[in-house]
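First comes the structure, then the notes that go with it.
Bear in mind these aren't lab numbers, they're just calculated from the coordinates by the rules spelled out. Just so it is clear, the structure is predicted and the values come from calculations on it, not from any experiment. Cβ atoms come from the backbone with ideal geometry, glycine included; neighbour counts cover every protein chain shown.
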Amino acid sequence: AQAAGRTRRRKRSLVSAGVAALLVIGALWLARAPLLAWIALNVPRLTGTSIDQKIAFAETSDGVRIAYATSGSGPPLVFVLGWGTHLTEGMGSPLYDQSGFLSWHSREHRVARYDGRGFGETTYEREDGWSAVADAGAVLDAAGVEQAVVVASSMGGRTALDLILAQPNRVSGL
């Protein structure tokens, strides 16, 4: 009778452990996007090269404060990102810094990059008539960059092309 009781308890324990494991796996599966985003933002930052950056703010004509960062020294290179930027939390993320782009280019260039409206430290105030090109121009002005090579990623490509069309004298290369 005691052996049968132990067997039942062991089966219940195994079933309970199995159910708990399935619940954990299910929770991770359902929350995989936030979990993968956390991994993408944090693991490379913990294992990658740190970048010494200076964060400042540019003010647009409609009063929005755009957060921007500079790193390195040398000829200016402006990195126009797509969406989902964060100057401090995105450092080292493969979504933000593919293959060590920032640390590599910061060795020989003064790299400037910024958070778009509504991302990172930049506020979101959409006024009629605002443009991503004007925001990029405000960052260039605040960073003291007269002309730069522009590197764009994702949706930033449209901003870079529009910047060349609107202010060709500010772009020395794309």
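Among 52-58, 160-166, 112-118, what's the highest-first ranking by average C-beta atoms within 10 angstrom per residue? Walk me through the intermediate numbers first.
Numbers: 52-58: 14.7, 160-166: 16.9, 112-118: 23.0.
Per-residue mean Cβ counts within 10 Å order the peptides as 112-118, 160-166, 52-58.
Which order, highest average first, do 102-109, 11-18, 79-86 follow once you tally other Cβ atoms within 10 Å for each residue and take the mean per peptide?
Per-residue Cβ counts within 10 Å, averaged per peptide and sorted highest first, yield 79-86, 102-109, 11-18.
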